[in-house]
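Peer 1: Starting off with a structure, shown below.
The values are calculated or read from the model by the stated rules, or taken from the named source; none is laboratory data. Predicted, not measured: the structure shown is a model, and the values here were computed from it. Cβ: placed from backbone, ideal geometry, glycine included. Neighbour counts: every protein chain shown. Ligands, DNA and RNA are excluded from the accessible area calculation, which covers all protein heavy atoms including side chains. Shrake-Rupley method; radii C 1.70, N 1.55, O 1.52, S 1.80 Å.
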Amino acid sequence: MARLEIGDQAPAFTLTSDTGKEVSLSDFAGKRLVIFFYPAAMTPGCTKEACDFRDSLATLRGAGYDVIGISPDKPEKLAKFVAKESLTYPLLSDVDKQVLEAYGAYGEKKLYGKTVVGVIRSTIVVDPDGKVELARYNVKATGHVASLSKALKLV
């Protein structure tokens, strides 16, 4: 599993969103994009992280960043998550985990002291030219958006 580094070309993708529409990386060409990868909709940590992004969206957008979340959940579950938590940005479904793998956000990780294979909570920031501006792996759900905002010099 190769992790992305600053300056790498962000892997292209097209995935189905919570609304059933296809969303591609190329839709954000010329913009800055925060992509956060999370294990599962409607779990406590992922809900906290998703709501933190929702609550910080005005600040992020004000600084020129769009936000999308990607998980292996089916679009139907993502739609329920968006409705339940009033999320205001797209969530994308990567059921076959190809995009998660391409971004280094799927593989071996430690969970409660055991090595397991799964989604590695990660955030990748893509610049207007489609290059990786920031890559963070094994992030904590709580406090992650605040830490990201600091790294992007938004606070």
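Peer 1: Restricting attention to the range 44-75, and to residues there that are within 19 Å of VAL119 (Cα to Cα) and more than 14 Å from the chain's Cα centre (by Cα), which single residue is surrounded by the fewest Cβ atoms within 10 Å (Cβ to Cβ)?
Peer 2: Filtering the range 44-75 for residues that are within 19 Å of VAL119 (Cα to Cα) and more than 14 Å from the chain's Cα centre (by Cα), the one surrounded by the fewest Cβ atoms within 10 Å (Cβ to Cβ) comes out as PRO44.
Peer 1: In the range 80-109, how many residues are open to solvent by 40 Å² or more (accessible area, probe 1.4 Å) and out of contact with any strand residue (DSSP E or B) (no Cβ under 8 Å at 6 or more places or on another chain)?
Peer 2: Number satisfying all stated conditions: 9.
Peer 1: Looking at the range 33-43, which of its residues are open to solvent by 10 Å² or more (accessible area, probe 1.4 Å) and over 13 Å from THR123 (Cα atoms)?
Peer 2: Listed by number, the residues that qualify are ALA40, MET42, THR43.
Peer 1: While we're looking at this one, here's another question. Give just the number: which of (1) in contact (Cβ under 8 Å) with a residue 60 or more places away in the chain; (2) touching a Ser or Thr at 6+ places or on another chain (Cβ under 8 Å) does PHE53 not satisfy?
Peer 2: Failing condition for PHE53: (2).
Peer 1: Of everything in the range 136-155 that's open to solvent by less than 30 Å² (accessible area, probe 1.4 Å) and among the small types (Gly, Ala, Ser), which residue is nearest to ASP27 (Cα to Cα)?
Peer 2: Within the range 136-155, the match that is nearest to ASP27 (Cα to Cα) is SER149.
Peer 1: If you go through the range 120-134, how many residues are under 15 Å from the mean Cα position of the chain (by Cα) and within 15 Å of TYR65 (Cβ to Cβ)?
Peer 2: Going residue by residue through the range 120-134, those that are under 15 Å from the mean Cα position of the chain (by Cα) are 120-127, 132-134.
Those still in the list that are within 15 Å of TYR65 (Cβ to Cβ) too: 123-127, 132-134.
Within the range 120-134, residues that are under 15 Å from the mean Cα position of the chain (by Cα) and within 15 Å of TYR65 (Cβ to Cβ) number 8.
Peer 1: Right, ALA40: farther than 21 Å from LYS153 by Cα, in contact with a Cys (Cβ under 9 Å, 6 or more places away or on another chain) and not in a helix (DSSP H, G or I) or not?
Peer 2: Spelling it out, ALA40 is indeed farther than 21 Å from LYS153 by Cα, in contact with a Cys (Cβ under 9 Å, 6 or more places away or on another chain) and not in a helix (DSSP H, G or I).
Peer 1: Within the range 12-37, how many residues are polar (S, T, N, Q) and either under 26 Å from LEU111 (Cα atoms) or assigned to a helix (DSSP H, G or I) (or both)?
Peer 2: 1
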